[in-house]
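Below you'll find the structure, written out as C-alpha cells, and then a few comments.
The values are calculated or read from the model by the stated rules, or taken from the named source; none is laboratory data. Remember, it's a predicted structure, so these values are computed and weren't measured experimentally. Please note: Cβ atoms are built from the backbone with ideal geometry, for glycine as well, and neighbour counts cover all protein chains shown. With ligands, DNA and RNA removed, areas are computed over all heavy atoms of the protein, side chains included. Shrake-Rupley method; radii C 1.70, N 1.55, O 1.52, S 1.80 Å.
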Amino acid sequence: MAAIAFIGLGNMGNPMAANLVKAGHAVTGFDLAEASREIARNNGVDIKQSGAAAVADADAVITMLYDGPKVLNVYAELGAMAKPGAIFIDCSTIEVGDAREAHKIAADYDHASVDSPVSGGVAGARDGTLTFMVGGTPAAFERAKPFLEPMCERIIHCGGDGAGQATKICNNLMLGISMLGVSEAFLLAEKLGLSEQVLFDVATSRAGISRALLRYCPVPGPVPTSPANFGYRPGFTSALMSKDLKLAQAAAQKTSAITPLGTLASQLFALFNANGNGAKDFSAIITMLRGMGKP
Ligand code: NAD
C-alpha cells in the first residue's frame, strides 16, 4: 500500500482516485470544488483542507486538471510541499510545452515526474480500463507504473518528457479527422440511397475501418452501443475533441508541421461547439455536416 495524493477530482479524477482506493492505497485528495470533494469523500478519499496538506505525506502526487496553466500553478505551489523523492504524475491533457515545463518544475524540487495523459474517457476511468501514454525517463516510467496500474488496461512508455502528451494529441488528431471522414462517407451514402448497414459492413471489412467507425459510428443502427443511438450522449465530448485539436494545432504551429486537415477539423469542431453542442459526443458533428448540405 502506498500513500497517493490526488489533485483534481473532477469527471475523470474522481473515478480514477476511487480505483486507487479500491486497490488498497491510502489516497489523500484535494479539489477546489466542494461537490467534487464530497464525491471523493464518499469514495473513500481522505479529503484535506488544501493541496499542500494532501501532498504532505504522499509517495506519489497525481494531478488531473483541465489545462496546462492549472497544472503549472499546482506544480509551482506543491513542488516544495511534497515529500522529498515523491514522484509527480500528471494525467491531464495539456500542451507539450507545458508538460515539459511541469517536468522542469518537478526536477527543481528533486521530484521524478511523468506526463501521463489518458485515453478511455469517463467510462474507462470508472472501469479502470484507461490507457496511459507516458512521457519521462525510463526510471521515472518504472516508478510511476505501480501507481497507474489500478486505473488502467494499458500503460505505454512513449518516450522522454512530453512524449505522452505528444502521443495523445497526435492520436486524437487522427480520431477527429477520421470522424469527419466517416461522417462525410455516411452523408454521401445517404445521398446515393445506400444502406448505412451495407456501408458499415463493407467498410469494416475493407479499407474504411477505423475506431471512429467501429466504436463511435455516427449514424444509429450499425453499432448499437455508439452514442448516435442515444441522442449523442457522450462518450467523448465535442468540447474535449475541440480542445485536443486546438492543442494539436498549437503544437503544429510551434513545430511548423503541416496539418491542413487538422486545421479544418479544429475549425469545424470549434464551430460545432460555438453552436452549443460541446456537451454532445463528438460523433454528433455529422448533424452539423448534414445541416450544411441542406439545399
Ligand atoms: P473536470 O473539469 O471535470 O475536472 C478538473 C477538476 O480540477 C475540477 O473538479 C476542478 O475543480 C479541479 N481543480 C481545478 N484547479 C484546481 C486546483 N488548483 N486544485 C485542486 N483542484 C483543482 O475535467 P475532467 O473531465 O476530469 O478532465 C481532466 C483532464 O482530463 C483534462 O485535461 C481533460 O482534457 C482530460 N481528459 C478528459 C476526458 C473526459 O472524457 N472527461 C478524457 C480524456 C482526457
message: Which of 61, 202, 118 ends up with the largest GNM mean-square fluctuation for the chain, with Cα atoms connected below 10 Å?
response: 202
statement: For residue 158, the accessible surface traced by a 1.4 Å probe with all protein chains present amounts, in square angstrom to the nearest 10, to 40
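Please state the relative contact order of segment 100-206 as a whole percent: Cα pairs under 8 Å, 6+ residues apart?
Averaging sequence separation for qualifying contacts and normalising by length gives 22 percent for segment 100-206.
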- prompt: Where Lys and Arg each count +1 and Asp and Glu each count -1, what net charge lies around residue 227 among other residues with Cβ under 11 Å from its Cβ?
  reply: +2
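Only Cα pairs under 8 Å and at least 6 apart count here; give the relative contact order of the chain as a rounded whole percent. Don't jump to the answer; show the numbers that get you there.
Working: 572 pairs, mean separation 36.5, N = 295.
For the chain, the relative contact order is 12 percent.
Would you please give the FRET efficiency between residue 110 and residue 289, computed as 1/(1 + (r/R0)^6) with r the Cβ-Cβ distance and R0 = 51 Å, to the nearest 0.05? Could the numbers behind the result be given before it?
Details: r = 51 Å, r/R0 = 1.01.
That gives a FRET efficiency of 0.50.
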query: Expressed in nm to one decimal, what extension gain is obtained for the pair residue 22 and residue 57 from 0.36 nm per residue of sequence separation less their Cα-Cα distance?
result: 10.6 nm
- line: Using alpha-carbon positions, the gyration tensor of segment 1-160 gives root eigenvalues a ≥ b ≥ c; with a/c under 1.5 called rounded, otherwise prolate if a/b exceeds b/c, else oblate, the class is rounded
statement: Given backbone amide H placed at 1.01 Å from N, residues whose amide H is under 5 Å from that of residue 29, ignoring those fewer than 5 places away on the same chain, are 6, 46, 47, 48
task: Using Cα centres only, tell me the gap between segment 212-230 and segment 103-134 in whole Å.
output: 29
task: Evaluate the distance, in nm, between pseudo-label points positioned 7 Å from the Cα of residue 153 and of residue 123 along their respective Cα→Cβ axes.
output: 1.0
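In debye, nearest 20: dipole of segment 22-145 around its Cα centre with unit charges on the Cβ of K, R (+) and D, E (-)? Mind dumping the intermediate values first?
Working: 11 positive and 17 negative charges, 62 e Å.
Once rounded to the nearest 20, the dipole reads 300 debye.
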field: Heavy atoms of residue 157 accessible to a 1.4 Å probe, total area in Å² rounded to 10
entry: 70
- request: Count charges around residue 48 for me, please; just the other residues with Cβ under 13 Å from its Cβ, Lys/Arg as +1, Asp/Glu as -1.
  value: -1
task: Provide the net charge surrounding residue 279, with neighbours chosen by a C-beta distance below 15 Å and charges set as Lys +1, Arg +1, Asp -1, Glu -1.
output: +2
task: Quick one: compute the contact order of segment 1-116, relative version, from alpha carbon pairs under 8 angstrom and 6+ residues apart, as a percent.
output: 24
- prompt: Which of 145/280; 83/145; 70/243 have a Cα-Cα distance over 22 Å?
  reply: 145/280
- prompt: Taking amide H positions as placed 1.01 Å from N in the peptide plane, with prolines and chain starts having none, which residues 5 or more places from residue 112, or on another chain, fall under 5 Å of its amide H?
  reply: 88
task: Apply the membrane-span-like helix rule to the chain: whole DSSP H runs, Cα extent along the own long axis of at least 20 Å, mean Kyte-Doolittle hydropathy at least 0.5. List the helices found.
output: 163-191
statement: On each of the three principal axes the extent of the alpha-carbon atoms of the chain, given in whole Å and largest first, is 65, 43, 34
field: Hits among aspartates and glutamates - C-alpha to C-alpha of residue 168 under 15 Å, sequence gap 8 or more where chains match
entry: 67, 90, 95, 98, 115, 244
field: List 196, 34, ordered by accessible area with a 1.4 Å probe, largest first
entry: 34, 196
